[in-house]
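Visitor: For reference, the structure I am asking about is given below.
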Amino acid sequence: MSAKSIAFKKVLTLFFLMVPALLFAQREQVNLKVRNAAAMRKFEYHQHSFFEVVNGKFNASLVSSNGYVFEITGISAKQLKCSNILTQNQFKVILIDNRLNKTYVSNSKSKGLVTIKCLPNGGYELLYYGEIYQEGKRVNVTATLSGEIAHSKNLKTN
């Protein structure tokens, strides 16, 4: 057997082992990392992200089953375009820890980016990487939220 055929078989085997794992992996996630402090609980969720547009501003949130609420808010609906990359001054990030009664937010010191991807089903995927703060404590966050925008079709007004 040649070296090329051995390498091809290894790549093919790896492909067939990795594809099922990727299909069953949770697409949405929020990872929280803190340096030089007590580690934070893992963000565990069972419901999908919620996306909405209110007064021309896009908001996305993901609620965990263990007391966290993660939100990306204030994105102009006009900025919601495929492959668009937003800088920290174009949105706000909030993490609410209901168990410890703490709120972490992005501020002027925060560095962060949101990448917007369009999904084949018409939905969106937001990829966030950045920092949030609570009383000087910095938390590095990587998050993936995906979903469709909730439309106000069934709302009634007086």
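The values are calculated or read from the model by the stated rules, or taken from the named source; none is laboratory data. This is a predicted model, so every value here is computed, not measured. All Cβ positions, even for glycine, are placed from backbone atoms using ideal geometry, and neighbour counts span all protein chains on display. To get the accessible areas, we keep the full protein, side chains included, count just its heavy atoms, and leave off ligands, DNA and RNA. Shrake-Rupley method; radii C 1.70, N 1.55, O 1.52, S 1.80 Å.
Visitor: Please arrange Tyr45, Tyr124, Tyr104 by accessible surface area, largest first, computed with a 1.4 Å probe and ligands excluded.
Guide: Per-residue accessible area, sorted high to low, gives Tyr124, Tyr45, Tyr104.
Visitor: Quick check: pseudo-label points 7 Å beyond the Cα along Cα→Cβ at Phe50 and Ser108, how many nm apart are they?
Guide: Label at Phe50, label at Ser108, 3.3 nm between them.
Visitor: Between the alpha-carbon centers of the stretch 49-83 and the stretch 93-137, tell me the distance in whole angstrom.
Guide: Each part's Cα centre sits 10 Å from the other's.
Visitor: Further, regarding this structure: With a Förster radius of 22 Å, plug the Cβ-Cβ distance of Asn101 and Thr142 into 1/(1 + (r/R0)^6) and report the FRET value to the nearest 0.05.
Guide: 0.35
Visitor: With θ set to phi - 60° and the Karplus curve 6.51 cos²θ - 1.76 cosθ + 1.60, what are the ³J(HN,Hα) couplings of the stretch 136-150 in order, to the nearest whole Hz, using x for Gly and Pro?
Guide: Computed from phi, the couplings for the stretch 136-150 are x, 7, 9, 10, 8, 10, 10, 9, 10, 10, 9, x, 10, 6, 6 Hz.
Visitor: Å³ per residue of the Cα convex hull, for the stretch 24-67?
Guide: 120 Å³
Visitor: Residues with amide H under 5 Å of Glu44's amide H, sequence separation 5 or more or different chain, H placed in the peptide plane at 1.01 Å from N; which?
Guide: Ser65, Asn66
Visitor: Could you list, in their original order, any pairs among Lys33/Lys81; Lys57/Lys137; Lys78/Lys117; Lys57/Lys109; Lys81/Lys137 whose Cα atoms are separated by more than 26 Å?
Guide: Violating the 26 Å limit, Cα to Cα: Lys33/Lys81; Lys57/Lys137; Lys81/Lys137.
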